[in-house]
Ligand code: ADP
Ligand code: MG
């Protein structure tokens, strides 16, 4: 059966369907009703109101007469129930409709109402004869209401037409099942054909809801199957690359590291070690709140690669962070006599050429940089481990780009944004996760407060005192792409204002538009304690580590998302001092704005904040960019349907474990659906 076989399908309508993404009969069947109406719910006339959508009214026909002349002729019918009366008007086909009404007998009208003077009126309602006001049995079937769009309306594709098409398809189209029998049984799902019937023609809302679960599951399941299969392929490719700690690793932990590791760090390192020695490729995510100390864990892992004669790479999302990692590595690695290089996009050609030669020749043990590290031109001598810091800034695709580099290196990714479990199960589902719980000893919880512009003087007085006693501070301004010019001006003016207010302090301005060298120099002066106040846009949001900085003022705090505020705040509270974060909204706060800032005051816990943020914003916005690599699910919602997500994940991963190529007869139908699904999304998954 083809779309073209449907009744009343003009060329225009076919085009409208195609423009709406409906190319096959099956696509049309997946156009699920937005809602269902239930004609059996009857409203008394006195309770009607305009704009409340279509309703059923049952009344006795009081009068019917034809009013107006010629073209304006219309049928007007008045019906009455115990509470009042209502007028029904028919402009077209009145000769037919007049036969539908008999004075003094009961009738049910269904449609939206409008008020004209005293009368409520319905234009062209649906008419059904009934025996009595209680005679609603015949309305038991729910009527599906389909989503519409401008293409549909232009081509006159009404609800009735879609409903009819769907009926034709449901009775004529062959709808095969593809979920394995065991899964259908396990979750008590209807077979696909029945589930589609239940979506379009449910006997009850409960039945429709139940059917929808199956389709949500399907979506999650195919996605998880993809992730499982990607991971399985990676693991296969990497067999035999064992990495063991050796002299560099042990010298680092025993002689160089100035502090003892936290339990969380130890756990993460031990997970990494197990992975590296398992004979399979490591695919691990280290998740730890801001300041948990992920960098040393990464360094430990990289040293294991070097101990085994391989190179390691560390990728950061911003130049500032790459530069900082470079400094840290310098501090720790230089004493070991190892070589390391910084590779970013902004470097001069000659320098870049020199670095690339070094990497390819194997001279350089560790490469630190931005995503420039994984561009085509960069060739590694023998890359054993790739680390991606702040992975939430990259997607599944970037992860796979890295892995295509050289010779299937082990992969370690780190994220400070505590991704709620349900999100982790989607975007990180190809990774094993270690969570670093807790912060290094001696950290004091940051104190957070909200202050208005009226209190600015007090805030500045406090800032002055703290700086005089040796603290350093960040003053942060928002900068978003849409209003970049304005935002930049705002930050610059804020900077000038602070300079006038504190002429004796050393104050610097930092933003993303500056040249790399300039940014580096400014960060270095701040890290060295030469700059006391750093006025900055959100370029410092991720990763920056200056333990002496203990004050942060966030201007226009209402414009930041919760997770972003938490990330920013994570720049302070990194030393032993009491730190303070002052949020300064500059407009009257909206309701969600108030909830956000209150949450910041109430907790320092990244996971709690992330969960709240996800609820407030939904998964798409939560991760910010399209780059986040979050898949789009059409029916399912990763927050609301997390139980289904978890189930589908387990099922999919077990299947791939048992039969990675889906060769067993029981997966024959699944394979037929899965292969094109995966192929279509190869760009998203960064494969092929
Ligand atoms: P994040 O997890 O946010 O990336 P960092 O790796 O930047 O955190 O570490 C934050 C700060 O804590 C750094 O200054 C680091 O030197 C310090 N640090 C890390 N681990 C420990 C530890 N076990 N004890 C004391 N300080 C630590
Ligand atoms: Mg970090």
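The values are calculated or read from the model by the stated rules, or taken from the named source; none is laboratory data. These figures come from a predicted structure and were not determined experimentally. Using ideal geometry, Cβ is built from the backbone for each residue, glycine included, and neighbour counts are taken over all protein chains shown.
Wholly within the stretch 198-291, which helices (runs of 4 or more DSSP H) include no fewer than the required count, namely at least 2 residues that are touching a residue at least 12 places away in the same chain (Cβ under 8 Å), more than 16 Å from ligand 1 (Cβ to nearest atom) and closer than 30 Å to residue 667 by Cα?
205-237
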Exercise. Of all residues in the stretch 34-55, which are crowded, with 18+ Cβ neighbours inside 10 Å and either touching a helix residue (DSSP H, G or I) at 6+ places or on another chain (Cβ under 7 Å) or without any contact (Cβ under 8 Å) to a residue 60 or more places away in the chain (or both)?
Worked result: 39, 55
Exercise. Which ones in the stretch 640-660 are in a loop (DSSP other than H, G, I, E, B) and either in contact with a strand residue (DSSP E or B) (Cβ under 9 Å, 6 or more places away or on another chain) or under 11 Å from residue 225 (Cα atoms) (or both)?
Worked result: 660
Problem set entry | Search result, residues across the stretch 661-679 that are under 14 Å from residue 228 (Cβ atoms) and in contact (Cβ under 8 Å) with a residue 40 or more places away in the chain | 667, 670, 674, 677, 678
For this session: May I ask you to say which residue of 316, 305 is in the same structural domain as residue 271 (by TED's automatic domain parsing) and within 14 Å of ligand 2 (Cβ to nearest atom)?
Result: 316
Exercise. Does the stretch 280-287 include one or more residues that are within 16 Å of ligand 2 (Cβ to nearest atom), surrounded by 21 or more Cβ atoms within 10 Å (Cβ to Cβ) and over 26 Å from residue 408 (Cβ atoms)?
Worked result: no
Problem set entry | Flag if residue 470 is within 16 Å of ligand 1 (Cβ to nearest atom) and either surrounded by fewer than 19 Cβ atoms within 10 Å (Cβ to Cβ) or not assigned by TED's automatic domain parsing to the domain that holds residue 288 (or both) | no
Seminar exercise, completed: Cβ pairs under 8 Å, 6+ apart or interchain, first in the stretch 542-562 and free of Cβ contacts under 8 Å to residues at least 60 places away in the same chain, second within 13 Å of ligand 2 (Cβ to nearest atom), ordered by first then second residue, are 547/574
Exercise. Of the residues in the stretch 248-265, how many are closer than 21 Å to residue 411 by Cβ and out of contact with any helix residue (DSSP H, G or I) (no Cβ under 8 Å at 6 or more places or on another chain)?
Worked result: 1
Exercise. Which residue out of 327, 347 is surrounded by fewer than 23 Cβ atoms within 10 Å (Cβ to Cβ), within 16 Å of ligand 2 (Cβ to nearest atom) and assigned by TED's automatic domain parsing to the domain that holds residue 278?
Worked result: 327
Exercise. Out of 301, 372, 322, which single residue is within 15 Å of ligand 1 (Cβ to nearest atom) and out of contact with any helix residue (DSSP H, G or I) (no Cβ under 8 Å at 6 or more places or on another chain)?
Worked result: 322
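Only one residue in 189, 223 is modelled with pLDDT of 95 or more and crowded, with 16+ Cβ neighbours inside 10 Å. Which one?
Working: 223 fails: modelled with pLDDT of 95 or more.
Step by step, each of 189, 223 is checked, and only 189 is modelled with pLDDT of 95 or more and crowded, with 16+ Cβ neighbours inside 10 Å.
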Seminar exercise, completed: Restricting attention to the stretch 546-576, the residues that are within 13 Å of ligand 1 (Cβ to nearest atom), at pLDDT 90 or above and surrounded by fewer than 23 Cβ atoms within 10 Å (Cβ to Cβ) number exactly 3
Problem set entry | Members of the stretch 515-545 found to be more than 16 Å from ligand 1 (Cβ to nearest atom) and outside any helix (DSSP H, G or I), listed by number | 515, 530, 531, 532, 533, 534, 535, 536, 537
For this session: Could you check, for the stretch 555-563, whether at least one of its residues is within 16 Å of ligand 2 (Cβ to nearest atom) and either at positive phi or not in a helix (DSSP H, G or I) (or both)?
Result: no
For this session: Would you please name the residue that is nearest to ligand 2 (Cβ to nearest atom), looking only at residues in the stretch 382-403 that are touching a helix residue (DSSP H, G or I) at 6+ places or on another chain (Cβ under 6 Å) and over 23 Å from residue 683 (Cβ atoms)?
Result: 387
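For residue 611, are the conditions met, namely being at pLDDT below 85, assigned to a loop (DSSP other than H, G, I, E, B) and under 23 Å from the mean Cα position of the chain (by Cα)?
For residue 611, the condition - at pLDDT below 85, assigned to a loop (DSSP other than H, G, I, E, B) and under 23 Å from the mean Cα position of the chain (by Cα) - is not met.
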For this session: For residue 440, state whether it is away from ligand 1 (no atom under 13 Å from the Cβ), modelled with pLDDT of 85 or more and either surrounded by fewer than 23 Cβ atoms within 10 Å (Cβ to Cβ) or assigned by TED's automatic domain parsing to the domain that holds residue 270 (or both).
Result: no
Exercise. So which of 359, 306 ends up being assigned to a helix (DSSP H, G or I) and touching a helix residue (DSSP H, G or I) at 6+ places or on another chain (Cβ under 6 Å)?
Worked result: 306
For this session: Please tell me if residue 168 is assigned to a helix (DSSP H, G or I) and either closer than 30 Å to residue 197 by Cα or not assigned by TED's automatic domain parsing to the domain that holds residue 1 (or both).
Result: yes
For this session: Return the total of residues in the stretch 194-206 being surrounded by fewer than 20 Cβ atoms within 10 Å (Cβ to Cβ) and modelled with pLDDT under 95.
Result: 5
For this session: Please find, among 407, 389, 430, 401, the residue that is within 16 Å of ligand 1 (Cβ to nearest atom) and either modelled with pLDDT of 70 or more or under 19 Å from residue 568 (Cβ atoms) (or both).
Result: 389
Exercise. Somewhere in the stretch 138-148, is a residue surrounded by fewer than 14 Cβ atoms within 10 Å (Cβ to Cβ) and either modelled with pLDDT of 95 or more or part of a helix (DSSP H, G or I) (or both)?
Worked result: yes
Exercise. Is there any pair linking a residue in the stretch 345-359 that is under 10 Å from residue 372 (Cβ atoms) to one that is assigned to a helix (DSSP H, G or I), with Cβ under 6 Å and at least six apart or on different chains, and which?
Worked result: 345/372; 346/516
For this session: Go through the stretch 297-324 residue by residue and tally those that are surrounded by fewer than 20 Cβ atoms within 10 Å (Cβ to Cβ) and either free of Cβ contacts under 8 Å to residues at least 60 places away in the same chain or on the phi < 0 side of the Ramachandran plot (or both).
Result: 2
For this session: State whether one or more residues within the stretch 67-83 are in contact with a strand residue (DSSP E or B) (Cβ under 7 Å, 6 or more places away or on another chain), in contact (Cβ under 8 Å) with a residue 24 or more places away in the chain and in a loop (DSSP other than H, G, I, E, B).
Result: no
